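Structure, as structure tokens:
The values are calculated or read from the model by the stated rules, or taken from the named source; none is laboratory data. Note that the coordinates shown come from a computational prediction; the quantities given were computed from them, not determined experimentally. All Cβ positions, even for glycine, are placed from backbone atoms using ideal geometry, and neighbour counts span all protein chains on display.
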Amino acid sequence: MSDINTALNVFSTCVKAIAQNTDLKDRLRRIHAESMLLDSAANAKSSPDLVKENSGEESRGLVHQVSNESRLSITDSLTEFFDAQEVLLSASSSENEISDDDSYVSDISDNISEDNLSNDIENERQTLVAVGEIRMECHSERRTCLPAPCPNTSNISLWNILRNNIGKDLSKVAMPVELNEPLNTLQRLCEELEYSELLDKAAHTPDPFERMVYVAAFAVSAYASSYYRAGSKPFNPVLGETYECIREDKGFQYFSEQVSHHPPISACHAESANFVFWQDMRWKNKFWGKSMEIVPIGTTHVTLPAFRDHFVWNKVTSCIHNILSGQRWIEHYGEIIIKNLNDDICHCKLTFMKAKYWSPNVHEIEGSVINKSGKVVHRFFGKWHESLYYGTSSSPSCIWRANPMPKDYEQCYGFTQFALELNELDPQTRSLLPATDTRFRPDQRLLEEGNTEGAEMQKQRIEQLQRERRKVLEENNLEHHPRFFRKSIDDSWVSNGTYLDLRKDPGFSRLDSPVLW
């Protein structure tokens with residue numbers, strides 16, 4: 001292990017010495033690679049099985065274990081700044097990280113909410129007969145399950161973790177990796193495109209009021225995948241991490257990047273022949289003792305070039321109940337207001353109903369499309385995890401219905417079929433991706449493969465690398481500049497138009513990329 005300590009010391013010393021050199025990135029990469037080799041060699045001496053190649057590919061082998069000396073314990077980690085914050089959140093949102101801006105720091109309240117609703121209530125659903133139903137079936141030929149089932153977290157006591165850290169900011173408390181799911185926030189944002197067919201339909205609908213109906217259904221469908229995901233949380237992207245999803249079957253090209261670390265901001269962009277979709281998201285958390293609220297901050301944009309429409313809308317609050325004990329469940333509540341910035345002929349208001357103790361109905365939605373005179377043109381009702389109808393209760397039309405869940409989804413973190421495919425890495429895709437793509441993250445990959453111990457070690461190592469990179473920037477008065485996004489006039493993050501072009505020529509394999517893991 002002395003070689004490892006020596007390598008780490010050399011790394012720390014060299015960072016300051018070479019920061020001003022023009023070959024800074026190359027030398028940092030070389031030091032990082034040497035330390036990894038030393039680490040792998042040390043582990044291989046004690047146990048040859050600790051080093052494993054991913055899918056037989058020698059060019060991008062994943063080291064499944066690192067030395068215990070390079071792993072930060074939970075106790076030690078609390079004494080220093082945590083770059084990748086670990087707050088238990090809904091899988092439909094990212095973890096908040098410590099921010100210099102107080103508006104994004106987690107609010108911890110002494111008030112305890114009374115979350116006594118049974119999860120059984122959610123199974124009492126009323127099904128309406130669909131008229132003119134649009135069915136969104138999945139015809140993917142990709143994998144239908146994960147390499148390994150999700151770990152058993154019944155032996156993890158969140159109460160003990162929180163009790164041992166009373167009075168401390170939850171953003172500095174490290175949670176076990178077993179509480180993660182093998183996807184991260186950049187991929188979770190991509191899940192909002194699972195029902196992109198609704199936007200395709202909107203792009204071919206001449207009537208502006210009916211177009212708004214399809215856009216509203218698309219906004220609702222973004223929440224469907226969270227229904228079975230209250231028990232785990234996504235990985236937090238490191239600064240500069242990217243993710244792409246090219247779906248020829250759905251006709252869209254998606255890419256995303258972690259553009260800011262303080263506050264943490266994830267930006268994404270997708271385009272097709274029918275629409276353009278983009279957003280940047282950050283979150284504010286409120287911990288209430290037995291539940292946690294996630295308040296998203298940001299705006300979702302969709303343009304339909306065929307009609308010069310530019311729709312914008314906000315997101316509602318999400319809440320995870322039974323954080324400390326019992327069956328965790330998630331609900332979304334609040335209002336979504338959808339406007340067309342290029343045409344004020346109508347707007348849409350959607351209300352996600354908050355569960356009530358005296359009512360057996362949960363997850364319900366109601367809303368309406370309203371013209372400029374204030375008259376209701378279309379009415380909505382349904383449930384965000386099942387289906388959305390418009391029309392009247394006596395003559396409803398189903399505008400959207402959630403896809404059926406895959407077989408054994410309980411053993412796959414509650415993933416939908418679309419989610420199961422997001423982290424899949426095939427040989428054809430591998431050669432086209434930048435080195436910063438989430439699918440190359442060893443901690444997330446190891447968790448997907450069922451190696452929780454290796455995933456925990458790699459997560460700690462990746463977080464340490466991020467701290468080192470941040471230190472280099474600070475010591476040299478440098479600022480991180482996202483590669484594929486830029487800040488617009490209204491402070492939102494938009495694509496700079498380079499990702500898809502670079503993917504084709506010269507290709508990411510020939511570009512200089514930061515070493516993130």
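Things to note:
- Residue list for the range 324-367, restricted to those being under 25 Å from the mean Cα position of the chain (by Cα) and of a type in the set (Ser, Thr, Tyr): Ser325, Tyr333, Thr351
- Test: residue in the range 402-417 that is of a type in the set (A, V, I, L, M) and in a strand (DSSP E or B): no
For (1) under 14 Å from Ala222 (Cβ atoms); (2) among the basic types (Lys, Arg); (3) touching a helix residue (DSSP H, G or I) at 6+ places or on another chain (Cβ under 9 Å); (4) buried (at least 16 other Cβ atoms within 10 Å of the Cβ), each residue gets a yes or a no:
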residue	(1), (2), (3), (4)
Phe277	yes, no, yes, yes
Phe311	yes, no, yes, yes
Cys319	no, no, no, yes
Glu335	no, no, no, no
Asn340	no, no, yes, yes
Ala355	no, no, yes, yes
Ile365	yes, no, yes, yes
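- Filtering Glu244, Glu271 for residues that are in contact (Cβ under 8 Å) with a residue 12 or more places away in the chain and under 16 Å from the mean Cα position of the chain (by Cα) leaves a single hit, Glu244.
- Members of the range 389-414 found to be among the hydrophobic types (A, V, I, L, M, F, W, C) and crowded, with 20+ Cβ neighbours inside 10 Å, listed by number: Cys398, Ile399, Trp400, Ala402, Cys412
- Within the range 442-490, if we keep just the residues that are β-branched (Val, Ile, Thr) and farther than 19 Å from Thr242 by Cα, the residue that is surrounded by the most Cβ atoms within 10 Å (Cβ to Cβ) turns out to be Thr452.
- Applying the criterion of being of a type in the set (A, V, I, L, M) and assigned to a strand (DSSP E or B) to the residues of the range 305-320, the residue that is farthest from Val276 (Cα to Cα) is Ile320.
- Subset of the range 367-418 (residues that are of a type in the set (S, T, N, Q), at pLDDT 95 or above and within 24 Å of Tyr333 (Cβ to Cβ)): Ser368, Ser387, Asn403, Thr416
- Residues located in the range 363-401, provided they are β-branched (Val, Ile, Thr) and without any contact (Cβ under 8 Å) to a residue 24 or more places away in the chain: Val376, Thr392
- For Asn180, the conditions (1) in contact with a strand residue (DSSP E or B) (Cβ under 9 Å, 6 or more places away or on another chain); (2) of a type outside the set (Gly, Ala, Ser); (3) closer than 30 Å to Arg308 by Cα all hold with the exception of (3).
- Among the residues making up the range 462-517, those that are part of a strand (DSSP E or B) and either hydrophobic (A, V, I, L, M, F, W, C) or at positive phi (or both) are Phe485, Trp493, Val494.
- Val302 being of a type in the set (A, V, I, L, M, F, W, C), surrounded by fewer than 17 Cβ atoms within 10 Å (Cβ to Cβ) and either at pLDDT below 95 or part of a strand (DSSP E or B) (or both): no
- Top-ranked residue in the range 367-381 [being assigned to a strand (DSSP E or B) and among the small types (Gly, Ala, Ser); ranked as surrounded by the fewest Cβ atoms within 10 Å (Cβ to Cβ)]: Ser368
- Test: residue in the range 192-208 that is within 30 Å of Ser325 (Cβ to Cβ) and among the small types (Gly, Ala, Ser): no
- Residues satisfying the stated conditions in the range 438-461, i.e. assigned to a helix (DSSP H, G or I) and among the polar types (S, T, N, Q): Thr438, Gln444, Thr452, Gln458, Gln460
- In the set Trp384, Trp288, only one residue is crowded, with 19+ Cβ neighbours inside 10 Å, touching a strand residue (DSSP E or B) at 6+ places or on another chain (Cβ under 9 Å) and farther than 20 Å from Tyr227 by Cβ; that residue is Trp288.
- Filter result for Met281 (buried (at least 21 other Cβ atoms within 10 Å of the Cβ), aliphatic (A, V, I, L, M) and more than 24 Å from Thr436 (Cα to Cα)): no
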